[in-house]
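Chemist: Before I ask anything, let me first share the structure, which is written out below as structure tokens.
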Amino acid sequence: MLPQVLKTSDLGAWVEALMAESRVAAPVLKETNVSDPTDLKFGWQYVPDPADVRLDYTVTVLGPKKFLWPPRQKLVRYNLGAGAEPEAIIDHEPHVLLGVHPCDITAIATLDAAFAKDVPDPHYLARRSDTAIIGLDCGAPCDESSFCLDMGSLYPESGFDVMLTPLGDAYFVEVATQLGEALVEAAVVRPATKQDMEAHQAFAEEKRSDFHYKLPYELKYLPEILDASYDSLVWEAIARQCFSCGSCNIACPTCYCFDVYDEVEVDLSKGCRVRRYDSCQLDPFAEVAGGENFRQERASRLRHRMFRKGKYILEQTGRVGCVGCGRCERACVAGISIKDTYVQIAGSR
Amino acid sequence: MTQTDIEKGAAAASPYVPKMARIVAADQMTETERFFRLEMEGEPLAYEPGQFVGVTVFGVGESPISICSSPTQGERIELTIRSVGLVTGALRTFEAGDRLGIRGPFGNGFDTGAMKGQDVLFVAGGLGLAPTRSLIRYVLDKREDFGKVTILAGAREPNLLLFREEIAEWVERSDADTLVTVNQPDKDWKGNVGVITRLFKQVEIDPARTCAVIVGPPVMFKFAVLEALAAGVPEHRIICSLERHMKCGVGKCGHCQIRGVYVCRDGPVFTYEQVKRLREGI
Ligand SMILES: Cc1cc2nc3c(=O)[nH]c(=O)nc-3n(C[C@H](O)[C@H](O)[C@H](O)COP(=O)(O)OP(=O)(O)OC[C@H]3O[C@@H](n4cnc5c(N)ncnc54)[C@H](O)[C@@H]3O)c2cc1C
Ligand code: SF4
Ligand code: SF4
Ligand code: FES
């Protein structure tokens with residue numbers, strides 16, 4: 001399908017049409033009473049009213065990960081008593097994520113690869129294949145914390161069904177998949193003209209000049225640079241500030257470590273196995289019976305996170321483990337920055 | 001990642017659903033360790049020595065536990081479980097006839113192919129005898145496939161020694177040398193006294209053809225590796241099984257990760273050469 005144009009004033013009607021088919025999640029305003037408009041806090045949620053959708057958002061506190069991978073997810077249900085008969089709970093329904101920025105599109109691709117590789121995880125993948133993604137291109141960096149250009153997440157080539165580019169009072173609408181075509185059919189759009197295409201090109205050129213590299217090296221060198229830093233005291237130095245609170249993991253759109261536990265219903269007739277987000281920064285994460293803990297030192301846990309984001313996930317999945325969204329830095333009370341850390345280790349030998 | 005990869009995965013069976021197994025024998029081996037023989041209710045489990053399973057107590061949770069039997073023994077699987085917490089504690093009351101959930105087998109297991117024709121030296125301390133026993137039984141059942149077999153087993157006290165009767169049978173065998181030691185003897189103990197590494201003095205090792213399989217608590221492991229290296233056994237033929245916190249067994253949850261390695265998937269069996277490179281390994 002050739003590019004289309006959607007007038008901003010027709011967005012609400014499109015959202016309403018989409019909502020008639022399935023649930024639609026999008027960024028909405030969460031905190032309004034701030035003096036500085038750049039302090040507005042946006043969050044992802046299922047849209048109650050098309051008027052709440054805020055495609056002018058800068059960055060959300062948390063990404064849209066929770067729609068694909070809920071913070072708490074039931075995996076297995078079983079009976080207590082004679083026959084347990086455990087069975088999988090695979091909970092999914094079609095939904096649309098509207099307005100996903102390039103970094104989060106890239107992050108979802110990382111989760112896709114992680115959950116599909118080796119032993120596939122249908123609890124994630126069933127939700128994923130029932131998810132339509134309408135991307136929204138960024139014209140300028142959200143803030144100082146982000147370094148998406150460095151991490152190669154600013155220009156995703158796939159992982160979305162539709163891509164919207166804001167052009168003043170209209171969106172340039174590109175369709176990437178068949179599903180995307182069906183979504184766009186519900187909108188009042190017109191084919192893009194030569195002028196629209198030129199405006200889209202101009203947006204792309206301005207975008208290119210608005211983003212700047214923040215790391216002093218190319219992404220492809222990051223794994224080796226991390227390796228060279230393994231024994232550096234830099235980890236201890238940074239870890240001095242760290243509280244091991246795990247907020248960085250919770251905020252991260254690519255973190256996918258989890259804990260598993262069992263729950264029993266009050267009448268003791270049934271139970272279920274549940275997973276929830278976990279954090280490698282918490283002390284018991286790597287502890288085993290007998291009290292042995294292989295990452296007891298805070299510095300070794302911090303290093304593990306930085307290595308996982310910059311090296312291990314990439315090696316495991318072929319996808320970047322960090323998309324440079326800056327959320328972990330914004331979430332950190334101690335102000336620990338993964339970007340600054342990756343800059344700081346550049347000189348390690 | 002294409003849409004079809006995702007769809008294929010979405011239709012796959014969940015790796016988190018346990019299969020049902022029935023306990024056919026249970027035995028309180030020591031104060032804290034309980035032995036179970038299980039029969040799967042559906043297909044028997046196909047496994048290799050050194051692999052492990054996830055054991056579910058419904059309503060309580062799941063724990064990773066080494067299979068301590070060998071596939072050469074038949075279709076039933078055996079486990080030795082030390083009671084240390086929630087799940088393992090709940091298992092203390094489980095008897096023959098009770099049912100458990102089993103996931104797996106997980107992990108790589110011992111590379112029995114690479115050990116063929118070699119001398120095998122087993123060094124097992126404490127609960128380390130459980131995973132080691134799967135390979136000991138395997139090697140003894142396929143005795144002609146291997147060279148000289150030496151078994152060193154150690155426990156803190158005589159009443160903590162696992163598989164006592166079986167060890168007595170191994171001691172009787174003329175085609176294997178079995179030595180046992182305890183740190184603190186009681187008045188009935190007539191065997192060796194002292195840490196397990198002392199037993200190295202009593203055995204002859206041909207470093208050119210020996211695989212040393214060393215499984216036990218981290219401190220024992222370190223000193224036993226030292227002895228094996230001192231005897232000239234190369235690092236790639238010193239073999240161990242690592243324990244890590246594990247929640248999924250399928251390379252997802254991240255708990256068992258050591259640098260770039262997932263112990264549940266790439267291990268738990270590693271050579272000392274590999275463990276040494278991992279740095280966070282021991
Ligand atoms: C590959 C592998 C093989 C094992 N084989 C055996 C075996 O043959 N026999 C045996 O008795 N034990 C074995 N263990 C150890 C056993 O898994 C733990 O003792 C058990 O999970 C503790 O669970 P719990 O609910 O009883 O204890 P909890 O109440 O959960 O906790 C008690 C202690 O165990 C640790 N622990 C909790 N969950 C795990 C976990 N999933 N993995 C590791 N440690 C954990 C906790 O950090 C804590 O220190 C093995 C562990 C691994 C990883
Ligand atoms: S959010 Fe900051 S303080 Fe908390 S664990 Fe992460 S790096 Fe440490
Ligand atoms: S590590 Fe930090 S910057 Fe990188 S993707 Fe996660 S939250 Fe974003
Ligand atoms: S146990 Fe979950 S990744 Fe290994």
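The values are calculated or read from the model by the stated rules, or taken from the named source; none is laboratory data. Predicted, not measured: the structure shown is a model, and the values here were computed from it. Here Cβ is always computed from backbone atoms with ideal geometry, including for glycine, and neighbour counts include all displayed protein chains. The protein model used for the area step is the full one, side chains on, heavy atoms only, and it has no ligands, DNA or RNA in it. Shrake-Rupley method; radii C 1.70, N 1.55, O 1.52, S 1.80 Å.
Chemist: Once the Cβ-Cβ distance between B:R277 and B:D188 is put in as r, and R0 is 45 Å, what FRET efficiency do you end up with, to the nearest 0.05?
Modeler: 0.50
Chemist: How many Cβ atoms of partner chains, on average, are near each residue of A:277-287 if near means within 10 Å of its Cβ?
Modeler: Mean partner shielding for this stretch: 2.
Chemist: Restricting to region A:4-346, what percent of DSSP beta bridges are antiparallel, rounded to 5?
Modeler: Close to 75 percent.
Chemist: Only bridges with both residues in chain B count here: give the DSSP antiparallel percent, nearest 5.
Modeler: Once the DSSP bridges in chain B are tallied, antiparallel ones form about 60 percent.
Chemist: So if each residue of separation counts as 0.36 nm, and I subtract the Cα-Cα distance between A:M1 and A:S232, what length gain in nm does that give?
Modeler: Length difference between fully extended and current span is 77.9 nm.
Chemist: With +1 on each Lys and Arg Cβ and -1 on each Asp and Glu Cβ, how big is the dipole of region A:4-346 about its Cα centre, in debye rounded to the nearest 20?
Modeler: Here the size comes out at about 680 debye.
Chemist: Tell me, what % of the accessible area of region A:1-88 is carbon and sulfur with a 1.4 angstrom probe?
Modeler: 51 percent
Chemist: Okay, next question. So with the 1.4 Å probe, I'd like the accessible area per residue for region B:112-241, rounded to whole Å².
Modeler: Accessible surface, normalised per residue, equals 46 Å².
Chemist: Could I ask something else about it? Using Cα centres only, tell me the gap between region A:202-273 and region A:294-349 in whole Å.
Modeler: Centre-to-centre distance over Cα atoms comes out at 6 Å.
Chemist: Could you list which residues have their amide H under 5 Å from that of B:I258, counting only those 5 or more apart in sequence or on another chain, with H placed in the peptide plane?
Modeler: B:V263
Chemist: Across region A:176-191, in residue order, what do the Karplus-derived ³J(HN,Hα) couplings come to in whole Hz, using 6.51 cos²θ - 1.76 cosθ + 1.60 with θ = phi - 60° and x for Gly and Pro?
Modeler: Rounded to whole hertz, the list is 9, 9, 5, 4, x, 4, 4, 5, 5, 4, 7, 9, 8, 10, 10, x.
Chemist: Give me the summed buried accessible area for the A-B pair, 1.4 Å probe, to the nearest 100 Å².
Modeler: Answer for the A-B pair: about 4100 Å² buried.
Chemist: Taking the Cα-to-Cβ direction at B:R164 and at B:A25 and moving 7 Å from each Cα, how far apart do the two end points lie in nm?
Modeler: It works out to 1.7 nm between the two label points.
Chemist: Taking all protein chains together and a probe of 1.4 Å, list B:M29, A:M1, A:M151 from the most accessible to the least accessible.
Modeler: My answer, sorted largest first, is A:M1, B:M29, A:M151.
Chemist: Which whole-angstrom value gives the distance between the alpha carbon centres of region B:73-120 and region B:176-193?
Modeler: 26 Å
Chemist: Using a 10 Å cut-off on Cβ atoms, rank the peptides A:190-199, B:225-234 from the highest mean neighbour count down.
Modeler: The peptides rank, most packed first, as B:225-234, A:190-199.
Chemist: Apply 1/(1 + (r/R0)^6) to the Cβ-Cβ distance of B:E157 and A:L62, taking R0 = 45 Å, and write down the FRET efficiency to the nearest 0.05.
Modeler: Approximately 0.30, to the nearest 0.05.
Chemist: Subtracting the Cα-Cα distance from 0.36 nm times the residue separation, let me have the gained length for A:E292 to A:N79 in nm, one decimal.
Modeler: Length gained between A:E292 and A:N79: 73.2 nm.
Chemist: Provide the gained length on full extension for the span A:D91 to A:S209, in nm with one decimal, where the gain is 0.36 nm per separating residue minus the Cα-Cα distance.
Modeler: Working it through step by step, the gained length comes to 38.1 nm.
Chemist: May I pose another question? Per-residue ellipticity at 222 nm for chain A, helices alone: DSSP H runs ≥ 4 residues times -39500 (n - 2.57), over residue total, nearest 500 deg cm²/dmol?
Modeler: Estimated from H runs of four or more residues: -8500 deg cm²/dmol.
Chemist: I want the local charge near B:I239. Using Cβ-Cβ distances under 11 Å, sum +1 for each Lys or Arg and -1 for each Asp or Glu among the other residues.
Modeler: -2
Chemist: OK, next. For peptide B:56-64, how many partner chain Cβ atoms fall within 10 Å of a residue's Cβ, on average?
Modeler: The shielding value for this peptide is 6.
Chemist: By DSSP, what percent of the beta bridges with both residues in the protein assembly as shown are antiparallel, rounded to the nearest 5?
Modeler: Taking every DSSP beta bridge with both residues in the protein assembly as shown, the antiparallel ones total about 65 percent.
Chemist: Further question: Tell me, what HN-Hα J-couplings in whole Hz come from the Karplus equation 6.51 cos²θ - 1.76 cosθ + 1.60 at θ = phi - 60° for each residue of region B:217-225, using x for Gly and Pro?
Modeler: Along region B:217-225, the couplings run x, x, 5, 4, 4, 4, 6, 5, 4 Hz.
Chemist: Tell me, what is the FRET efficiency for A:Q195 and A:E16 to the nearest 0.05, using R0 = 35 angstrom and their Cβ-Cβ distance as r?
Modeler: 0.80
Chemist: Here is a follow-up. Check which residues have an amide H placed less than 5 Å from B:I238's amide H, if you skip close sequence neighbours.
Modeler: When sequence neighbours closer than 5 places are left aside, the close amide H contacts are B:A212, B:Y272, B:E273.
Chemist: Related question: Long-range amide H contacts for B:F58: which residues qualify at under 5 Å (H placed 1.01 Å from N, peptide plane, sequence gap of 5 or more or a different chain)?
Modeler: Distant-sequence amide H within range of B:F58: B:G101.
Chemist: For labels at A:L282 and A:T8 in the simple 7 Å Cα→Cβ model, what's the distance in nm?
Modeler: About 4.3 nm, to one decimal.
Chemist: Quick one: what are the phi-derived ³J(HN,Hα) couplings along region B:260-265, Karplus 6.51/-1.76/1.60 with θ = phi - 60°, whole Hz, x for glycine and proline?
Modeler: Values, residue by residue: x, 10, 9, 5, 5, 9 Hz.
Chemist: Shifting gears a bit: Put a dot 7 Å past each Cα toward the Cβ at A:A334 and A:E185; how far apart are the dots in nm?
Modeler: 5.4 nm
Chemist: Select from region A:233-280 those trypsin sites (Lys or Arg not before Pro) which occupy a DSSP coil region and have at most 16 other Cβ atoms within 10 Å, ordered by residue number.
Modeler: Here the trypsin sites (Lys or Arg not before Pro) that fit, given the DSSP loop and packing criteria, are A:R240.
Chemist: Using the alpha-carbon centroid of each, what span in Å lies between region A:54-120 and region A:123-165?
Modeler: 16 Å
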